[in-house]
Amino acid sequence: MTVLKIPEKKREVKNFKIDLLTKKDHKGALIPLLQSAQDSYGYIPEKAIYYISEIVKIPAARIYGVITFYSQFRLKPLGKNVIRICEGTACYVNGSKSVLEVLQDELGIGLDETTDDGLFSLQSVACLGCCSLAPVMMINDETYGNLTSKKIKKAIKEYSFAK
Amino acid sequence: MKEIKVGLGTCGISAGGKMVYNEFKDKLSQNNLDIEVKQTGCMGMCYNEVLVEVVDNGDSYLYSKVSSDNVEKIVNEHIIGNHPVDEWIATSRKNIEKDPFFKKQKRIVLQNCGIIDPGSIDDYILYDGYKAIKKALQKYSQLEVIDIVCNSGIRGRGGGGFPTGVKWKFSYEAPGDSKYIICNADEGDPGAFMDRSILEGNPHSVLEGMMIAGYAIGAQEAYIYIRAEYPLALKRLKTAIGDCEKKGYLGENIFGSNVSFTIKIKEGAGAFVCGEETALIASIEGKRGVPRLRPPFPAHKGLWQNPTNINNVETFANISWIILNGADKFASMGTEKSKGTKVFALAGKIARSGLAEVPMGMTINEIVYDIGGGIKDGKKFKAVQIGGPSGGCIPASMGDMKIDYEEVTKTGAIMGSGGLIVLDNTTCMVDLAKYFLNFTQNESCGKCTFCRIGTKRMLEILERITLGKGRENDIELLEDLAEKIKNSSLCGLGQTAPNPVLTTIKYFRDEYEAHIIEKRCPAHSCAALLTYTINENCTGCTLCAKKCPVNAISGEVKEIHEIDQDACIKCGLCFNACKVGAIDKL
Ligand SMILES: Cc1cc2nc3c(=O)[nH]c(=O)nc-3n(C[C@H](O)[C@H](O)[C@H](O)COP(=O)(O)O)c2cc1C
Ligand code: SF4
Ligand code: SF4
Ligand code: FES
Ligand code: FES
């Protein structure tokens, strides 16, 4: 393992996998490191950016540029339940627009936002891969297909009560 | 001997496949039956999920739309009682030639998808797996392999359609000690799932194709760049690579030869433009995925400036079939310039949505009607969208067109990776063009001015057209911008972004004009252009008036109501509220 010189304060951020460092060099390690940081925190905390910057010897500003380029990375934590609505073509022509409207009405938030109680975050994805069930959304790991406004409301209720 | 297979691709799981799988295990063990329940990948008939295959003395029966409630009956009557439950069976292997969905298909890439257990390397080997790489290593020189691939006529399945053998030759001839193979599994086209299904259903076939390519060009290292949203495909690839390493199929001296080959996985981070090869390479290197000017092509200066051969998932999945069956046999399928087969993801307003592999040159009508079963809910076939955000819409009137690279390009669309979205008369073409432009505009990396700002301007124009605020020369303005964007963009994203708009203008100009001049949406889809009126069926129940958020509906109880068109904000609530169908949407 490479020995790292990291200021004491920043070293607190360390419980994500850095086994990648045992490889001979750090070629292309930045994105996997960011991914594992996000895996352990649910988002990329500022401290992690500095920490990774030390490891890969890339200025924090440039890392920030990489983070904002890719839609997967978040600089803010997500809500407890993540709703991902499919905006792929098959779902679009089968009415995903109104699915989104119902969701926004029910939750009172727009895309890429989180409810005040931290219970739900709303995101969109391009094709969840079950176009035959369009329109489709996912709540956490569960897929909901052939959506109607009734089904959506019911699903959200289940999660709201399951606090 | 009986065996049970449950389709556990992403769509099978979404439809409840895991519950069915567990239910079979439970019911079998309750009955003390020693019968194996296997998982398998996409069988293609996604419209029939959950699919369960019961293999029974040489034949096999495909049960469709199985839920956990059906399991007990299947176990009791078929497994124990030896009487297949006919009314639930979609088809059987013996009759597959007669099944309308399968009859016209030709399965090469998908031949074992939905049949083998994607988690078992032994299953793959049982179905002639890893024979092709052994044959290549033992029988052919590197150049001979390249010749076979050249002679087969296969062209890249990732969209561009560049001849694969020629590309391999470039990388082979490029000077350099370390060369790379990259498998492009980024599949960004929204509404396409061919590559995902192949990776989930038969990951080893992709690995084997990569090994053969590696041997041919002299590469010892390879990467698979896979889309972040494909967790199941990722998991199955990891298992497959691990199993290969254990067997000595990957690593040093593979299959006892003097060739070494390793495969690593890189997960994408959610950027469509990273499907473009130079952006993908930048992303593997850990940078922002911004395309760069070519030449130099990746074959000469690719990953870390080394010669790199990059192919699509489906391209690789064809290779072992070609090596085992010969270039001629492959080239005997298809059209003059497009050989072999193509996998299409059928979706949208089609009755049988799923995964179909057909010989190149099949007509649109054959795919939509014969394989896809026509349009859902008895509506009218309007067009197919092919090629995703880089492609375009081909109208139903051209249904006799043969699908191959050249023919599709002539229409102004592109073959693309294989997404085929079927549209009916309720789809507004202007709105669909807007949808794709919104997508590309969001995904533009921002490097080129025309791609970044031009697409934004086009989107704004389309938005105002769908809002009924279109201006007289908007169509010409769109065409002008489109031309400029095509000519001044660096990568394929910008160069093809206007295609959905241009093809819809070309084939559905009257729809644009109806929006702009008459302020009318012929498909009754653009909300702002609808008119709601109340007809004589109205019973005066007042439900609609109670729902209307702007009090635009007036009328006495038990008398016909009326909508004040100036006040109406076209929210549609009254339309949904009326129980007697007295509200017309026009
Ligand atoms: C914006 C853009 C996105 C692309 N996305 C993909 C993709 O998701 N998968 C893919 O295989 N090729 C994609 N390509 C094409 C690749 O650049 C490249 O041509 C292809 O991977 C080569 O493989 P092939 O010759 O086997 O088709 C994309 C191209 C562009 C311009
Ligand atoms: S054409 Fe668009 S996506 Fe491609 S490099 Fe230029 S700005 Fe980026
Ligand atoms: S469409 Fe909406 S605003 Fe218009 S009359 Fe009906 S309920 Fe009222
Ligand atoms: S387009 Fe929504 S699941 Fe494919
Ligand atoms: S049959 Fe389920 S993914 Fe195709």
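Just so you know, all these numbers are worked out from the coordinates, no wet-lab data involved. All values derive from a computational prediction rather than experimental measurement. With ideal geometry, Cβ positions are generated from the backbone for all residues, glycine too; neighbour counts draw on all protein chains shown.
Quick check on the protein assembly as shown: of the DSSP beta bridges with both residues there, what percent are antiparallel, nearest 5%?
That works out to approximately 60 percent antiparallel.
Its alpha carbons considered, chain B gives a radius of gyration followed by a Dmax of 26.6, 90 Å.
Computed over the range B:365-405, the convex hull of the alpha-carbon atoms projects to a mean area of 3.2 nm².
Between B:L126 and B:D328, the distance separating the two model label sites (each 7 Å from Cα on the Cα→Cβ line) works out to 3.4 nm.
I want to verify the translational diffusion coefficient of the range B:290-398 in µm²/s; compute it with Stokes-Einstein, Rh as the Kirkwood radius over Cα pairs, at 37 °C and 0.692 mPa s. In µm²/s, the coefficient is 195. When each of the peptides B:194-202, B:225-233 is scored by how many other beta carbons lie within 10 Å of its residues on average, the order from highest to lowest is B:194-202, B:225-233.
Could you tell me which of rounded, prolate or oblate describes the range B:218-264, using a ≥ b ≥ c as the square roots of the eigenvalues of the alpha-carbon gyration tensor, with rounded for a/c under 1.5 and, failing that, prolate when a/b is larger than b/c and oblate otherwise?
oblate
Bridgeable aspartates and glutamates around B:K65 (alpha carbons under 18 Å apart, same-chain partners fewer than 8 residues away excluded): B:E23, B:E49, B:E53, B:E77, B:D86, B:E87, B:D99. Reported to the nearest whole Å, the Cα centre-to-centre distance from the range B:219-233 to the range B:336-406 is 28. Treating r as the C-beta distance of B:K65 and B:E460 and R0 as 41 Å, the FRET efficiency rounds to 0.40. Can you tell me the 0 to 90 degree angle between the C-alpha axis of helix B:429-443 and the longest principal axis of chain B, rounded to 10? Helix B:429-443 sits roughly 50 degrees off the main axis of chain B. Note on B:R292 and A:A61: with the Förster distance fixed at 25 Å, the Cβ-Cβ geometry gives a FRET efficiency of about 0.70.
Modelled this way, with points 7 Å down the Cα-to-C-beta line, the labels at B:E87 and A:Y41 are 5.9 nm from one another. Against the main long axis of the alpha-carbon atoms of chain B, helix B:164-173 sits at an angle near 50°. Calculated mean residue ellipticity at 222 nm for chain B: -10500 deg cm²/dmol, from DSSP H runs with n ≥ 4 weighted as -39500 (n - 2.57), summed, divided by the residue count and rounded to 500.
For the range A:20-145, the fraction of alpha-carbon pairs lying more than 25 Å apart is 38 percent, rounded to a whole number. The calculated FRET efficiency for A:D112 paired with B:S397, based on their beta-carbon distance and R0 = 35 Å, is about 0.30.
Partner aspartates and glutamates whose Cα lies under 14 Å from the Cα of B:K484, excluding those fewer than 8 positions away in the same chain, are identified as B:E476. Estimated at 0.36 nm per residue, the fully extended path between B:N551 and B:S178 surpasses their Cα-Cα distance by 127.0 nm. Pairs from the table (A:K57/B:K266; B:K266/B:K486; A:K157/B:K73; B:K18/B:K247) lying more than 23 angstrom apart at Cα are B:K266/B:K486; A:K157/B:K73; B:K18/B:K247.
Using the C-alpha atoms of the range B:1-89, what convex hull volume per residue, in cubic angstrom, is computed?
Details: hull volume 7.2 nm³, N = 89.
With only Cα atoms used, the range B:1-89 gives 81 Å³ per residue.
Each of B:N253 and B:K585 was given a label point 7 Å from its Cα along the Cα-to-Cβ line. The distance between the two points is 7.0 nm.
What trypsin sites (Lys or Arg not before Pro) does the range B:489-586 have in DSSP loop regions with at most 10 other beta carbons within 10 Å?
Those that pass, being in a loop and sparsely packed, are B:K558, B:K579.
Distance from the C-alpha centroid of the range B:510-530 to that of the range B:101-168: 48 Å, rounded to the whole angstrom.
Ignoring lysines fewer than eight residues from B:K519 along the same chain, the ones with Cα atoms less than 22 angstrom from its Cα are A:K97, B:K382, B:K434, B:K469, B:K506, B:K570, B:K585. Full extension of the chain between B:L573 and B:S141 yields a length gain of 148.5 nm, computed as 0.36 nm times the residue separation minus the alpha carbon distance. Computed extension length for A:K153-A:D105: 16.3 nm, one decimal, from 0.36 nm per residue of separation with the Cα-Cα distance subtracted.
Could you estimate the translational diffusion coefficient of the range B:521-561 from the Stokes-Einstein equation, with Rh from the Kirkwood formula over C-alpha pairs, at 10 °C and 1.306 mPa s, in whole µm²/s? Estimated via Stokes-Einstein, D reaches 138 µm²/s. Rounding to the nearest 10 and keeping the result within 0 to 90°, find how far the Cα-based axis of helix B:142-152 lies from the longest principal axis of chain B. In chain B, helix B:142-152 runs at an angle near 40 degrees to the longest axis. Take each residue of peptide B:224-234, count the partner chain Cβ atoms within 10 Å of its Cβ, and average: the result is 2.
Taking the Cα centroid of the range B:286-319 and of the range A:34-62, what is the distance between the two, rounded to the nearest whole Å? Their Cα centres are 27 Å away from one another. Our Cα-only numbers for the protein assembly as shown put the radius of gyration and Dmax at 27.0, 90 Å. Among the listed pairs B:K287/B:K342; B:K106/B:K139; A:K27/B:K287, which have their C-alpha atoms separated by more than 22 angstrom in this model? Cα-Cα > 22 Å for B:K287/B:K342; B:K106/B:K139; rest within. What the pair-distance distribution of the range B:191-287 shows, using all Cα-Cα distances binned every 10 Å from zero, is 15, 44, 34, 7, 0 percent.
When peptides B:14-23, B:149-158, B:88-97 are ranked by their average number of other Cβ atoms within 10 Å per residue, the highest-first order is B:149-158, B:14-23, B:88-97.
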